[in-house]
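Derivation of every value follows stated rules applied to the coordinates shown; laboratory data play no part. Since the model is a prediction, treat every value here as computed from it, not as a measurement. Positions of Cβ are generated from backbone atoms using ideal geometry, with glycine treated the same way; all protein chains shown enter the neighbour counts.
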Amino acid sequence: MRKTIVAGNWKLNGESSLCNAFVDAAQSFDSRATEVLICPPAVWMMLLAEGLASSSWQVGGQNIASDKSGAFTGEISASMLQAAGATYCIVGHSERREIFGESSAVVAQKVRIAIEQNLTPIVCVGENLACREAGSAEAFVETQLLESLKGIDSDKLRNVVIAYEPIWAIGTGVTASTEQAQAMHAHIRSVLSQSIDVDGELISLLYGGSVKPSNAKELLAQNDIDGALVGGASLNVEDFLAIVEAAG
Ligand code: 13P
């Protein structure tokens, strides 16, 4: 009923040679139920999209502007990403929130623009270590989720994907335990159903934070984990393919 999605987020990494390696890998990949998505730096979007066009793999942006056009030096709009071949876009990644000061209100504006432009937003939420240790992770993620989706019609939210990425697990090698990840995903699903008037059972929830071949299968076997948002391991073709395999 829900889509299984494995998405690679290259962040500020990768050259054209990495695009070519993934294009080669995708050609010999048997398409299956899992949706596979690569989010490269924007300058590689067209190259990768063209290379992957004959495969089942898709490309997505890592971020979009919160405005459609105008005097916003350095920004890239949702329509530009779509024209370059993107079908998805990560929105509100913790690195955007923490390093570039994106508020949840700005994230909500980006979610709205992505939906208008027929890009599926992958909306990221997740607490830091202090919040987890204080025992307030669920409350924090709930507030962040509600604010990041605020003002968007519930019928439009049907196509949103949510990624739970605990900040303390990103790039650290420390993965949330399957119990921690499953519990938060179940919480997110119930918040979607109870507080946002969208059927949480229909929304794909991805886990992100040090996903690697050795832990992917166990994480992805959890009832409420519908896929993975992969950082470091998505820069290596073999590791990424192993994670896709683990998704079934
Ligand atoms: P890592 O897989 O490198 O921990 O990164 C996760 C992430 O931030 C994906 O968006």
Seminar exercise, completed: Rounded to 0.05, the calculated FRET efficiency for the beta carbons of residue 202 and residue 118 at R₀ = 25 Å is 0.85
For this session: Subtracting the Cα-Cα distance from 0.36 nm times the residue separation, let me have the gained length for residue 154 to residue 55 in nm, one decimal.
Result: 32.4 nm
For this session: Report the net charge of residues surrounding residue 94, where surrounding means a beta-carbon distance below 10 angstrom and charges are Lys +1, Arg +1, Asp -1, Glu -1.
Result: -3
For this session: Only residues of region 160-181 count here: report those whose backbone N is under 12 Å from the spot 7 Å along Cα→Cβ of residue 214, or say none.
Result: 173-175
Problem set entry | Per-residue ³J(HN,Hα) for region 235-243, Karplus 6.51 cos²θ - 1.76 cosθ + 1.60, θ = phi - 60°, Hz, x for Gly and Pro | 8, 10, 4, 5, 5, 5, 4, 5, 5
Exercise. Once you have the alpha carbon radius of gyration of region 179-248, what is it after dividing by 2.2 N^0.38 Å, with N set to its residue count?
Worked result: 1.18
Seminar exercise, completed: Residues whose modelled amide H sits under 5 Å from the amide H of residue 123, counting only those 5 or more places away in sequence or on another chain, are 91, 161, 162, 163
